[in-house]
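Peer 1: This is the structure, below, for whatever I ask next.
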2 protein chains.
Amino acid sequence: MSKGITSRKEDYSQWYNELVSKADLAEHSAVRGCMVIKPYGYAIWEKMQAALDKKFKDTGHSNAYFPLFIPKSFFTKEASHVEGFAKECAVVTHYRLKDDGTGNIVVDEDAKLEEELIVRPTSETIIWNTYRGWIESYRDLPILVNQWANVVRWEMRTRLFLRTAEFLWQEGHTAHATAEEAIAETEQMLDVYADFAENWMAVPVVKGKKTETERFAGALDTYCIEALMQDGKALQAGTSHFLGQNFAKAFDVKFTSKEGKQEYVWATSWGVSTRLMGALIMAHSDDAGLVLPPKLAPIQVVIVPIYKTDEERAEIVELVDQVVAECKQKDITVKFDDRDSYRPGFKFAEWELKGVPLRITIGARDLKNGLVELARRDNQSKESVSKEGLSQRIEILLDEIQHAIYEKALKFRTDNITLVNSYDEFKEVLEGKGGFISAHWDGTAETEKRIKEETKATIRCIPLDNKLEEGQCILTGKPSTQRVLFARAY
Amino acid sequence: MSKGITSRKEDYSQWYNELVSKADLAEHSAVRGCMVIKPYGYAIWEKMQAALDKKFKDTGHSNAYFPLFIPKSFFTKEASHVEGFAKECAVVTHYRLKDDGTGNIVVDEDAKLEEELIVRPTSETIIWNTYRGWIESYRDLPILVNQWANVVRWEMRTRLFLRTAEFLWQEGHTAHATAEEAIAETEQMLDVYADFAENWMAVPVVKGKKTETERFAGALDTYCIEALMQDGKALQAGTSHFLGQNFAKAFDVKFTSKEGKQEYVWATSWGVSTRLMGALIMAHSDDAGLVLPPKLAPIQVVIVPIYKTDEERAEIVELVDQVVAECKQKDITVKFDDRDSYRPGFKFAEWELKGVPLRITIGARDLKNGLVELARRDNQSKESVSKEGLSQRIEILLDEIQHAIYEKALKFRTDNITLVNSYDEFKEVLEGKGGFISAHWDGTAETEKRIKEETKATIRCIPLDNKLEEGQCILTGKPSTQRVLFARAY
Ligand SMILES: [Zn+2]
Ligand SMILES: [Zn+2]
């Protein structure tokens with residue numbers, strides 16, 4: 001196993017690509033824009049899914065499944081939605097192939113669909129068309145449904161996990177009797193995402209609202225969580241939309257209120273995707289490979305034995321069996337790497353590359369003294385500990401690692417939010433250290449657009465906990481009441 | 001909530017459709033052939049997924065994800081596979097829509113794909129094209145991968161769960177160094193499916209092999225489990241295929257053996273789908289609604305309170321809190337139906353319709369005597385029991401119900417396997433009681449085809465535990481060495 005990953009300093013983007021490939025996370029497929037998520041990468045995604053799914057259920061949501069295909073006409077029903085989504089997408093036009101008589105397989109022109117079907121880029125339209133049949137009275141509300149699914153948005157330039165034509169995600173779609181309740185749901189799910197990002201992914205995030213320009217097509221308000229990557233670029237890690245009555249009106253979904261009146265239903269939608277894999281990788285990993293927070297690591301502890309004789313091996317195995325059993329009780333996943341076709345050094349490098357949080361080396365000689373070596377992946381520190389109480393020590397260390405990874409990312413994020421008060425300073429920081437730039441903005445789409453065109457920086461969000469302060473727009477000098485967060489972003 | 005389901009005797013097919021709809025399991029969507037799986041139906045599917053996924057992992061498999069789209073040319077690479085799958089399928093020909101200038105959204109003809117993409121009907125081709133990059137030497141084998149995914153096979157006549165254009169499934173795809181190992185895997189996964197069908201779904205199945213005619217396109221051998229529905233029709237509940245080296249040859253997947261030779265890899269694939277939902281419903285349910293085996297019921301116990309005063313209610317709630325807490329410890333899912341907008345009778349009917357295995361009625365008056373009522377969904381029996389030790393009684397009863405449902409289905413299956421020795425008898429049984437018919441067959445595809453054309457019965461399988469016996473083909477009178485199982489099937 002040759003590591004030889006390009007360093008982050010040398011070429012961050014190349015480092016990322018090589019890491020995704022060499023750590024066996026994902027690869028490009030034969031279909032342009034579509035990725036193959038390999039078993040090790042998928043195991044991380046499954047851990048993300050399990051944690052998120054539990055949070056959704058704990059907040060009262062159920063899963064359901066809606067069609068992969070959406071009739072083309074559905075996209076024209078919500079005016080702004082069509083602008084945003086009915087463009088770069090996969091269009092199904094036929095439903096049969098045939099042999100052309102010479103052994104070639106061709107599209108059967110007799111099997112042309114009357115109306116083209118679009119592979120879902122997001123499911124608001126088909127879901128609201130369905131909800132019309134589910135909702136009659138206020139007793140049918142709220143509807144709190146989530147879907148785990150694949151979606152497709154055609155992309156010309158793709159990057160594994162970060163931007164792919166097909167990706168996996170979850171999309172929550174809820175229906176409410178009042179605007180207040182829908183807004184509360186939108187905010188609740190943003191909190192769920194932030195909690196997951198910080199306490200599972202160990203990635204600190206800024207909670208905020210998008211500007212009108214950056215809103216989801218069809219939303220009255222888009223909330224988001226924004227994370228910072230090690231190269232100083234931001235990454236939108238999740239969004240939660242208050243959709244008002246737009247989709248209810250587009251699909252004629254009304255309910256009879258307690259007062260007996262016919263009213264349109266209020267909607268939210270919220271989602272995170274396999275993009276989170278990209279965020280997880282870029283936030284923590286280093287030049288030696290992946291760094292995974294214990295809560296999302298498919299293998300939390302790896303044990304590498306070092307021995308010469310069968311007798312030595314037997315002594316090691318005895319301890320391993322005991323540790324594995326104790327860890328299982330504590331829901332800690334341990335892998336005993338007893339492959340005899342590889343040397344310990346090779347194994348060390350492999351598990352380091354794959355980001356296993358804790359490595360235990362059990363050497364026959366140390367074991368005679370009752371000692372084993374623990375090596376942390378996150379800070380590369382090692383300690384020699386007694387084999388007594390090993391599983392307790394493992395449990396404590398894993399928790400420490402989880403927190404340490406978060407603290408490190410938080411420090412980096414804190415160090416990389418820069419307040420600027422002029423456009424020159426803004427451009428200087430952007431070209432130099434990067435990161436989030438907190439600056440005054442006059443609130444207009446024109447200014448936002450010009451800054452984006454001139455610097456490639458976008459307004460990531462208006463932080464929810466923003467304090468109001470008087471200031472002047474860095475571009476126009478016009479009055480402003482609060483700072484917003486700019487950054488170049490993935 | 002009006003029940004009024006057509007009875008099975010009246011119209012079995014109508015009964016099924018109404019049940020799926022009224023029990024809130026699924027519905028047809030606006031896209032022909034595609035279903036919406038509603039939250040209650042999806043919750044059952046999630047329980048199936050969880051049980052199966054655990055079995056897959058316990059037998060050493062990992063999950064991964066492969067692209068939704070398959071290039072058209074891939075289907076031509078394996079000769080028999082193209083016949084079977086590259087026909088009725090969804091074809092993506094374009095990747096962009098545009099506004100035609102008059103506000104209509106039309107397909108952008110400038111965005112025509114060079115090669116059409118097929119929405120996967122099954123993934124052997126794209127997966128084996130991927131495995132080529134994963135396999136170099138015997139050390140890379142076996143590959144034991146499963147995928148949970150949606151697939152599309154265009155269907156003109158659809159039925160919810162049983163036959164839909166889009167459905168959800170899992171597909172395992174494994175790669176091995178030897179034929180023996182691949183065959184052992186094929187058989188192992190058939191056993192996994194049979195174990196799941198019998199011990200979770202409570203549906204007895206016959207394990208067997210398909211005839212050449214009924215084999216999966218591209219397989220050397222197709223193993224299957226066959227279940228019997230209450231109307232006497234069979235349902236194929238899962239298949240496991242030994243693919244030989246067909247896909248390895250088609251996609252040039254070789255490995256260097258221990259002896260240093262280049263050899264083609266051996267393959268298996270195996271799958272079950274949301275069709276299992278149809279089997280589950282049809283195997284056990286009755287004219288009053290669903291009957292769900294406890295192991296797959298989203299709600300295992302429902303508690304309905306009957307009271308008049310707040311004081312009475314408080315006493316009931318006290319007991320409920322205790323029972324719910326005790327059941328949670330035992331991983332038993334309890335719902336306390338305390339809606340005060342519905343009468344108890346309405347609730348009884350609703351939970352009966354939805355197949356909740358056990359209902360507990362807590363009436364304030366009985367409670368004064370320390371008693372509550374337990375009502376089983378499967379056999380409609382009721383018992384009055386002491387509130388002491390209630391959760392223990394619940395646990396025992398749920399296990400009894402699980403077994404009783406299986407035993408009932410097994411008795412029905414046993415009663416409906418009929419041995420026949422002539423074609424007249426064959427047709428008589430088929431038109432009369434239906435079920436599986438065990439008969440001699442001369443082993444030719446011609447005979448199989450003629451019987452199918454004349455009677456609509458197919459050979460469901462050659463049972464694995466078949467005893468050899470001399471006999472004569474019911475159609476041709478030619479010699480036969482064993483009986484096979486015929487039936488009309490879903
Ligand atoms: Zn902690
Ligand atoms: Zn039992």
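Peer 1: Whether any residue in the range A:447-455 is under 22 Å from A:GLU428 (Cβ atoms), part of a loop (DSSP other than H, G, I, E, B) and in contact with a Lys or Arg (Cβ under 7 Å, 6 or more places away or on another chain) is what I want to check. It would help to see each step written out before you state the result.
Peer 2: Initial filter on the range A:447-455 (under 22 Å from A:GLU428 (Cβ atoms)): A:447-455.
Still in the list and also part of a loop (DSSP other than H, G, I, E, B): none.
Looking for residues that are under 22 Å from A:GLU428 (Cβ atoms), part of a loop (DSSP other than H, G, I, E, B) and in contact with a Lys or Arg (Cβ under 7 Å, 6 or more places away or on another chain), one finds none in the range A:447-455, hence no.
Peer 1: Give, as residue ranges, the strands (runs of 3 or more DSSP E) completely inside the range A:80-162 that count at least 1 residues that are more than 9 Å from chain B (Cβ to nearest Cβ). So that I can check it myself, show each step before the final result.
Peer 2: Values: elements: A:88-99, A:105-107, A:112-119, A:143-152.
In the range A:80-162, the matching strands (runs of 3 or more DSSP E) lie at A:112-119, A:143-152.
Peer 1: Within the range A:397-407, identify whether any single residue is within 16 Å of ligand 1 (Cβ to nearest atom), over 22 Å from A:ASP286 (Cβ atoms) and not basic (Lys, Arg), and answer yes or no.
Peer 2: Within the range A:397-407, the first condition is being within 16 Å of ligand 1 (Cβ to nearest atom), and the residues that meet it are A:397-407.
Next, from what is left, pick out any that are over 22 Å from A:ASP286 (Cβ atoms): none.
For the range A:397-407, residues within 16 Å of ligand 1 (Cβ to nearest atom), over 22 Å from A:ASP286 (Cβ atoms) and not basic (Lys, Arg): absent.
Peer 1: Just need a number here: residues in the range B:11-43 that are within 12 Å of chain A (Cβ to nearest Cβ) and not in a helix (DSSP H, G or I). Write out each step before concluding.
Peer 2: As a first pass, look at the range B:11-43 and keep what is within 12 Å of chain A (Cβ to nearest Cβ): B:21, B:24-43.
Going one step further and asking which of them are not in a helix (DSSP H, G or I), we end up with B:24-38.
Looking only at that region, the number is 15.
Peer 1: Shifting gears a bit: Filter the range A:44-79 down to residues that are among the small types (Gly, Ala, Ser), within 11 Å of chain B (Cβ to nearest Cβ) and surrounded by fewer than 20 Cβ atoms within 10 Å (Cβ to Cβ), then give me how many there are. Show your work before the answer.
Peer 2: Applying the first criterion (among the small types (Gly, Ala, Ser)) to the range A:44-79 yields A:50-51, A:60, A:62, A:64, A:73, A:79.
Filter once more, so that each one left must be within 11 Å of chain B (Cβ to nearest Cβ): A:50, A:62, A:64, A:73, A:79.
So of that shortlist, the ones also surrounded by fewer than 20 Cβ atoms within 10 Å (Cβ to Cβ) come out as A:50, A:62, A:73, A:79.
Within the range A:44-79, residues that are among the small types (Gly, Ala, Ser), within 11 Å of chain B (Cβ to nearest Cβ) and surrounded by fewer than 20 Cβ atoms within 10 Å (Cβ to Cβ) number 4.
Peer 1: Tell me the residue from A:VAL324, A:VAL291, A:VAL334 that is outside the structural domain of A:ASP221 (by TED's automatic domain parsing) and in contact with a Cys (Cβ under 7 Å, 6 or more places away or on another chain), please.
Peer 2: Only one candidate qualifies: A:VAL334.
Peer 1: Kindly list the number of the only condition in (1) out of contact with any Leu (no Cβ under 9 Å at 6 or more places or on another chain); (2) at pLDDT 95 or above that fails for A:ALA279.
Peer 2: All conditions are met except number (1).
Peer 1: Out of (1) within 17 Å of B:ALA234 (Cβ to Cβ); (2) out of contact with any strand residue (DSSP E or B) (no Cβ under 8 Å at 6 or more places or on another chain), the odd one out for B:ILE417 is which?
Peer 2: Failing condition for B:ILE417: (2).
Peer 1: Where residues in the range A:249-274 are within 13 Å of A:ALA182 (Cα to Cα) and over 15 Å from the mean Cα position of the chain (by Cα), which of them is surrounded by the fewest Cβ atoms within 10 Å (Cβ to Cβ)?
Peer 2: First pass over the range A:249-274, keeping only residues within 13 Å of A:ALA182 (Cα to Cα): A:264-270.
Retained after the next criterion (residues that are over 15 Å from the mean Cα position of the chain (by Cα)): A:264-269.
Details: A:TYR264: 16, A:VAL265: 27, A:TRP266: 27, A:ALA267: 30, A:THR268: 28, A:SER269: 26.
My answer is A:TYR264.
Peer 1: Could you check how many residues of the range A:62-87 are of a type in the set (S, T, N, Q) and in contact with a Phe, Trp or Tyr (Cβ under 8 Å, 6 or more places away or on another chain)?
Peer 2: First, the residues of the range A:62-87 that are of a type in the set (S, T, N, Q): A:62-63, A:73, A:76, A:80.
Applying the additional criterion that residues be in contact with a Phe, Trp or Tyr (Cβ under 8 Å, 6 or more places away or on another chain) yields A:62-63.
Selection size over the range A:62-87: 2.
Peer 1: Mind telling me which of the residues A:ASP465, A:ASP415 ends up being modelled with pLDDT under 95 and either surrounded by fewer than 17 Cβ atoms within 10 Å (Cβ to Cβ) or within 23 Å of A:ALA283 (Cβ to Cβ) (or both)? Outline the logic, then answer.
Peer 2: Numbers: A:ASP415 fails: modelled with pLDDT under 95.
After applying the criteria, what remains is A:ASP465.
Peer 1: Can B:ALA165 be described as more than 13 Å from chain A (Cβ to nearest Cβ) and touching a residue at least 12 places away in the same chain (Cβ under 8 Å)?
Peer 2: Numbers: more than 13 Å from chain A (Cβ to nearest Cβ): no; touching a residue at least 12 places away in the same chain (Cβ under 8 Å): yes.
Against the criterion (more than 13 Å from chain A (Cβ to nearest Cβ) and touching a residue at least 12 places away in the same chain (Cβ under 8 Å)), B:ALA165 does not qualify.
The values are calculated or read from the model by the stated rules, or taken from the named source; none is laboratory data. Every value quoted in this text rests on a predicted model; they were computed, and no experiment measured them. FYI the Cβ positions are ideal-geometry reconstructions off the backbone, even for glycines, and counts take in every protein chain you see.
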